[in-house]
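Inspection log for the structure reproduced underneath, given as structure tokens.
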Amino acid sequence: MKKLFLILFFLNSCSFVNDDNEIPKDLISEQEMIDIIYDMSLISVSKGINKRILENNGMKPKKYILNKYGIDSLQFVLSNEYYSKDLEKYLSIYENVLQKLEINRQSIVDSIENYRKDRAKRSKEINQEEKKKNKLSDPKASELNSKILKN
């Protein structure tokens, strides 16, 4: 009898384990998860570089992002847990984040290249302007000699 009771108790307790990927009531959409993780990645990188600036301004990066998207940490954790149980969705989210990061990186590289080209072009223009000014303001040696002789 005790064995039967223990077996039934064990089987009953196992039935409470929920293997289903139950959808949280306030699930964050996949696109919004992509945006949130993207922003977290950017702030994480900038935090390492400009940590003192963020601290001096009293900014708490994680709290800032959660406020930006109007979510709380529990909602993010539950949504992240939900998506992580479906490996294909989770990989898709992170692949999209990586694509956004790559696009951002490429636009920064392009901006730096354009800046360098513009700076080189402007430097050439300034040098040409300086040469013109020097030619106009520098009197020729013969003119100087004649002025000196007249005085």
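Each row is one residue, and each column tells you yes or no for (1) over 17 Å from residue 26 (Cβ atoms); (2) charged (D, E, K, R).
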{"site": "57", "(1), (2)": "yes, no"}
{"site": "62", "(1), (2)": "yes, yes"}
{"site": "66", "(1), (2)": "no, no"}
{"site": "75", "(1), (2)": "no, no"}
{"site": "79", "(1), (2)": "no, no"}
{"site": "88", "(1), (2)": "yes, yes"}
{"site": "91", "(1), (2)": "yes, no"}
Matching residues in the stretch 83-97 - criterion: being under 10 Å from residue 34 (Cβ atoms) and out of contact with any helix residue (DSSP H, G or I) (no Cβ under 8 Å at 6 or more places or on another chain):
95
Tell me, yes or no, whether the stretch 77-94 has at least one residue that is over 29 Å from residue 22 (Cβ atoms) and either at pLDDT below 95 or not aliphatic (A, V, I, L, M) (or both).
no
Of the residues that sit in the stretch 83-97 and are in a helix (DSSP H, G or I) and of a type in the set (D, E, K, R), which one is surrounded by the fewest Cβ atoms within 10 Å (Cβ to Cβ)?
88
Candidates 108, 65, 71, filtered to the one that is out of contact with any strand residue (DSSP E or B) (no Cβ under 9 Å at 6 or more places or on another chain), on the phi < 0 side of the Ramachandran plot and surrounded by fewer than 11 Cβ atoms within 10 Å (Cβ to Cβ)
108
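The values are calculated or read from the model by the stated rules, or taken from the named source; none is laboratory data. Every value quoted in this text rests on a predicted model; they were computed, and no experiment measured them. Neighbour counts run over all protein chains shown; Cβ positions are idealised from the backbone, glycine included.
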